[in-house]
Amino acid sequence: MPPPLSSAAQAIVAASSRRDVAISSGGAATLPVSRATFDEVMVPCYAPAPYVPVRGEGSRVWDQDGRMYIDFAGGVAVTALGHCHPAMVKALEEQARKLWHVSNWFTNEPALRLAKRLIDATFAERVFFCNSGAEANEAALKLARRYAHDRHGPKKMRVVSTLNAFHGRTLFTVTAGGQAKYSSGFGPIPEGITHLPYNDVAALEAEFAARGPEICAVILEPMQGEGGMRPGTPEYLQAARRLCSAHDAMLIFDEIQSGMGRTGTLFSYMQKGAVPDILTSAKGLGGGFPIGAMLATADVASVMSVGVHGTTYGGNPLACAVAGAVFDVINTTEVLDGVKARHALFMEGLKAINARRRVFADLRGEGVWLGCELDARWKGKSMDVLKAAGDAGLMLLVAGPDVVRLAPSLLISLDEILEGLARLEIALNRALT
Ligand SMILES: *Cc1c(COP(=O)(O)O)cnc(C)c1O
């Protein structure tokens, strides 16, 4: 027999368990807020646009005033299927009625199913789920160090990264990134990281010749996104593969922005002739729902035994259910071929604009991931173009002061491409005078 319970406590528990309580107290949803509220309540680490988006459908977004924007930004290469894609909404709603969270003291079906799909489609044999790109890279760098430590001893700890790289904002990943402006003022910072020029095979060879036994990993973006939209050459990525193999170092590809179909293959490495030991994914993986993943071979993953690493939310059923739906849409020939076809359309449209306006020194990129480098006359003006685009009803991105970046949905329609390009031309006309 259970011990008797006090009737007062029983009444309180019964009252607070009523499921209608939470539903009837939804007043917070109608609190009036605007862009001005941001400056009153938010940590000022962002400077968001003057308008506040409230609704999205495909590659169109509406703000508080009902104005429509064409979305060439894709939430920084995140909303790979556009906004509120029916497959994502269905997966989210179905899972929302089943199970949201159990922690990693239990496994769950959506996580196992997503892991199986990722393994079947890539070099990888093991998956670790987390909630963001930075966490995926943090896991990758920790894994590389731990693997080298366990197999070769504590002296093999050096991480080779590149200048202008971006790997996230945790202290380790921001230090691995090659932009001092993001890591300065947070010292002491993690030690043992070298930064080399990107796409420079000779620099990589020289570093391995000088300190090969110390190097545990090379971390590279197959194309630098934040750092100016610079595609990695196959020769460079292949040289990194060769040098890592020769020196027992892990090759880590950060495919957080380049992956999940953005370049026209499921992951970008698939068209570069170089296969990593560890790969990180996030952004497009969840299509807008926060999730990150680190993929690795079984041998490499084996050093992360029970208790060595972890996260509370990583691999939660909601995120994995949505990511599973995103994965199934993206990993089809129609969608991946569609990305390549859209690349051709975008390049054609951008070249036509440039023929009329002569504002770009270079148009580059892969798939639906495009960098428009402003020519010498308009250097430093990318933010002006972005702001003028907002006024013209177009969401855009930049990649540094000189490059306008496009990372729209993989499924953006022909109409939306044409309408967006027309608005881009208006913005260029207004900003660059
Ligand atoms: C965005 C990005 C990250 C960081 O991802 P978060 O989800 O913001 O932590 C890391 N690496 C690359 C290449 C990225 O583009």
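None of the figures in this text is laboratory data; all of them are computed from the coordinates on show. All figures in this text were calculated on a predicted structure; none of them were measured in a lab. Please note: Cβ atoms are built from the backbone with ideal geometry, for glycine as well, and neighbour counts cover all protein chains shown.
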Any idea what the alpha-carbon Rg over 2.2 N^0.38 Å comes to for the chain? 1.06
Which value, in debye to the nearest 20, describes the size of the charge dipole of region 88-330 about its Cα centre when Lys and Arg Cβ atoms bear +1, Asp and Glu Cβ atoms bear -1, and nothing else is charged? 240
Sparsely packed trypsin sites (Lys or Arg not before Pro) within region 357-433, loop by DSSP, other Cβ within 10 Å at most 12: R358, K379
Quick check: the distance between the Cα centres of region 38-59 and region 71-144, to the nearest angstrom? 24
What distance in nm lies between label points placed 7 Å from Cα along the C-beta direction at A121 and R430? 3.8
Which pairs in the list K351/K381; K181/K340; K272/K351; K340/K387 are over 30 Å apart, alpha-carbon to alpha-carbon? K181/K340
Tell me, which longest segment in the chain has none of the chymotrypsin sites (Phe, Trp or Tyr not before Pro) that fall in DSSP loops with at most 13 further Cβ atoms within 10 Å? 187-433
Quote the convex hull volume per residue of region 164-296, based on C-alpha atoms, as a whole number of Å³. 107
Selection from F128, G292, L92, by position along the positive dipole direction of region 88-330 (Cβ): L92
Give me the one-decimal nm value for the distance between modelled label points at V52 and S245, 7 Å along each residue's Cα-to-Cβ direction. 5.5
Hey, with R₀ at 25 Å, roughly what FRET efficiency would D65 and A96 work out to, going by the Cβ-Cβ distance, to 0.05? 0.25
Say R0 is 51 Å: what FRET efficiency, to the nearest 0.05, do A210 and R358 get from their beta-carbon distance? 0.70
Based on alpha-carbon centroids, what's the gap between region 246-293 and region 396-433 in Å, whole number please? 25
With 0.36 nm assigned to each residue of separation and the Cα-Cα distance removed, M347 to T297 gains 14.3 nm
Do you know the relative contact order of the chain, to the nearest whole percent, from alpha carbon pairs under 8 angstrom that are 6+ apart? 21
Whichever aspartates and glutamates have a C-alpha closer than 18 Å to that of K283, once near sequence neighbours (fewer than 8 apart) are set aside: D71, E135, E138, E221, E226, D254, E255, D328, E366
Please work out the C-alpha center-to-center distance from region 321-346 to region 200-217 and express it in whole Å. 36
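Give the calculated FRET efficiency between D328 and C84 to the nearest 0.05, with a Förster radius of 22 Å applied to their Cβ-Cβ distance.
Calculated value: 0.85.
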Which residue, chosen from P50, P190, M395, occupies the Cα position most advanced towards the positive end of the dipole of the chain, where the dipole is computed from +1 (Lys, Arg) and -1 (Asp, Glu) charges on Cβ about the Cα centre? P190
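Can you pull out the trypsin sites (Lys or Arg not before Pro) in region 49-156 whose DSSP state is coil and whose Cβ has at most 13 other Cβ atoms within 10 Å?
R67, R97, K98, K155
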